[in-house]
Amino acid sequence: MLVHIVGTRPNFIKAAPVIRELSSKNVEQLVLHTGQHYSSNMSNDILKDINMDRPNENLGINNGDREEKIFNMIRGIEVYLKKINANMVVLYGDVDSTFSASIAAKNIGVKIIHVESGLRSFDLEMPEEVNRTNIDAVSDILFCTEQSAIDNLINEGFCKSKMFLVGNTMIDTLIKVNKQLTKKIDGIYYVCTFHRPSNVDNKEGLQKIISILKLINKKVVFPIHPRTRKKIETYGIIDEIKYLKNVKLCKPMGYLDFMSIIKYSAGVITDSGGIQEETTFMGVPCVTFRKNTERPITLYPYGTNVLLNSVPNVCLKHLFAKRQKQPNIPLWDGKASQRIVDILLGNYNTL
Ligand code: UD1
């Protein structure tokens with residue numbers, strides 16, 4: 001039995017087209033949700049928007065600190081995989097659910113397929129970088145979104161026969177809904193999102209974000225991630241943000257609403273990984289509030305993304321620049337999931 005293991009908002013978006021493609025080939029499959037993202041606006045609402053069925057099982061693991069969640073996920077996933085007699089798992093991205101699933105599957109000899117393999121920020125302070133390198137180390141097939149990922153895996157000594165440049169399943173989902181995306185906000189506006197621990201888990205980071213928001217004298221829509229909201233409340237600075245007249249705070253949005261506001265925005269400031277790719281695909285200027293990116297294909301001038309380093313004025317100039325032509329990233333054509341499934345069917349006659 002083949003099992004997709006998902007747990008967070010970006011996992012659902014990356015997995016949905018692969019699941020759909022496997023269904024169209026009548027491959028038997030199950031979907032396990034760890035429960036890492038549990039609020040309806042981070043989980044069920046997203047599933048509806050991307051037309052993905054509810055997972056077959058939800059472990060509901062979202063209490064406790066990070067270590068406790070990872071421990072419980074590893075144990076819960078292993079029990080589930082044994083119960084349904086799994087022989088292959090398909091894992092997406094770099095989140096804690098993906099990492100936990102890789103340990104659980106490896107422990108009981110289940111084959112691991114990693115979608116979005118090989119991306120590297122070379123910054124081991126990021127939990128996602130630690131997750132990625134470990135997930136790749138135990139995976140049997142490595143599906144990559146961009147050439148840099150293949151280069152990284154080769155540099156790390158991975159066997160070339162395990163790796164495939166297939167494109168980006170998150171962009172498959174975006175292309176599928178693209179025609180449904182409509183303008184929701186009048187006039188010129190920007191969008192910002194922040195949730196990285198390095199930016200939001202300390203008061204200085206949050207204050208830097210506020211100072212950037214102050215520099216943008218246009219409307220900014222700010223859907224707040226639960227982690228960020230908790231930290232803003234803990235440090236008692238919610239009023240400082242509310243006081244900024246240009247900033248409109250809101251809850252995390254559904255996928256269609258969020259992609260709609262991104263598509264028609266003048267620019268985006270973020271620390272997300274996926275949004276760097278989505279803005280590049282749509283030709284929307286993006287400033288990433290980080291020292292590095294694991295997605296170098298998104299960087300200007302090929303992509304539309306710049307990293308906010310020590311010269312914020314240069315970055316903001318980029319943000320205020322005119323929209324670019326939509327870049328043409330190799331294999332980001334809506335067919336990555338088809339390629340993945342063709343390769344899986346070609347390699348595993350047991351599917
Ligand atoms: C996780 C991923 C990150 C990804 C992001 C997308 C890891 C290490 N990080 O970060 O790579 O970009 O998801 O959103 O896996 N919370 C809620 N409701 C929810 C989900 C989370 O209140 O639906 C709370 C949690 O209880 C926790 C905090 O938000 O206190 C952070 O959640 P967590 O899942 O640990 O990490 P993210 O910051 O979402």
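The values are calculated or read from the model by the stated rules, or taken from the named source; none is laboratory data. Predicted model only: the values in this text are computed from it and were never measured. Note that we place each Cβ from the backbone using ideal geometry, even for glycine, and neighbour counts take in every protein chain shown. We work out accessible area using only protein heavy atoms, side chains counted, and drop any ligands, DNA or RNA first. Shrake-Rupley method; radii C 1.70, N 1.55, O 1.52, S 1.80 Å.
Total residues in the range 254-272 satisfying the condition of being open to solvent by 40 Å² or more (accessible area, probe 1.4 Å) and part of a loop (DSSP other than H, G, I, E, B): the figure is 1.
Number of residues in the range 295-328 that are open to solvent by less than 20 Å² (accessible area, probe 1.4 Å) and in a strand (DSSP E or B): the value is 1. Within the range 79-102, residues that are within 16 Å of the ligand (Cβ to nearest atom) have Cβ atoms under 8 Å from residues that are of a type in the set (Val, Ile, Thr) and open to solvent by 30 Å² or more (accessible area, probe 1.4 Å) in these pairs: Phe99/Val130; Ser100/Ile74; Ser102/Val138, counting only partners at least 6 apart in sequence or on another chain. Of the residues examined, Leu142 is not one that is away from the ligand (no atom under 16 Å from the Cβ) and surrounded by fewer than 22 Cβ atoms within 10 Å (Cβ to Cβ). Taken over the range 210-223, the residue count meeting the criterion of being under 24 Å from Lys184 (Cβ atoms) and loosely packed, with under 13 Cβ neighbours inside 10 Å is 1.
When Leu244 is tested against (1) open to solvent by less than 30 Å² (accessible area, probe 1.4 Å); (2) part of a loop (DSSP other than H, G, I, E, B); (3) in contact with an Asp or Glu (Cβ under 8 Å, 6 or more places away or on another chain), only condition (3) is not met. Taking the residues in the range 10-37 that are within 16 Å of the ligand (Cβ to nearest atom), part of a helix (DSSP H, G or I) and touching a residue at least 60 places away in the same chain (Cβ under 8 Å) as candidates, determine which candidate is most open to solvent (accessible area, probe 1.4 Å). For the range 10-37, the residue satisfying everything is Pro10. Can Glu156 be described as open to solvent by less than 10 Å² (accessible area, probe 1.4 Å) and charged (D, E, K, R)? When the stated conditions are applied, Glu156 does not pass them. Look at the range 224-238: where a residue is open to solvent by less than 80 Å² (accessible area, probe 1.4 Å) and a partner is more than 15 Å from the ligand (Cβ to nearest atom), sitting 6+ places away or on another chain with Cβ atoms under 7 Å, you get Ile224/Leu249; Ile232/Ile238; Ile232/Ile241; Tyr235/Lys203.
For the range 273-286, which residues satisfy the criterion of being touching a residue at least 40 places away in the same chain (Cβ under 8 Å) and either buried (at least 18 other Cβ atoms within 10 Å of the Cβ) or part of a strand (DSSP E or B) (or both)? Hits for the range 273-286 are Gly273, Gly274, Ile275, Glu277, Glu278, Thr280, Phe281, Met282.
Filtering the range 147-205 to residues that are polar (S, T, N, Q) and within 18 Å of Leu331 (Cβ to Cβ) leaves Gln147, Ser148, Asn152, Asn168, Thr169, Thr173, Asn178.
Checking Asn72, Asn41 one by one, the residue that is in contact (Cβ under 8 Å) with a residue 40 or more places away in the chain and either within 15 Å of the ligand (Cβ to nearest atom) or under 19 Å from the mean Cα position of the chain (by Cα) (or both) is Asn41 and no other.
All conditions in (1) in contact with a Phe, Trp or Tyr (Cβ under 8 Å, 6 or more places away or on another chain); (2) within 22 Å of Tyr255 (Cα to Cα); (3) away from the ligand (no atom under 16 Å from the Cβ) hold for Val166, with the sole exception of (2). Residue by residue through the range 183-218, note down the ones that are within 22 Å of Lys263 (Cα to Cα), within 16 Å of the ligand (Cβ to nearest atom) and outside any loop (DSSP other than H, G, I, E, B). Residues satisfying the conditions are Val191, Cys192, Thr193. Residue check: Leu331 meets all listed conditions (1) open to solvent by less than 50 Å² (accessible area, probe 1.4 Å); (2) part of a loop (DSSP other than H, G, I, E, B) but one, namely (1).
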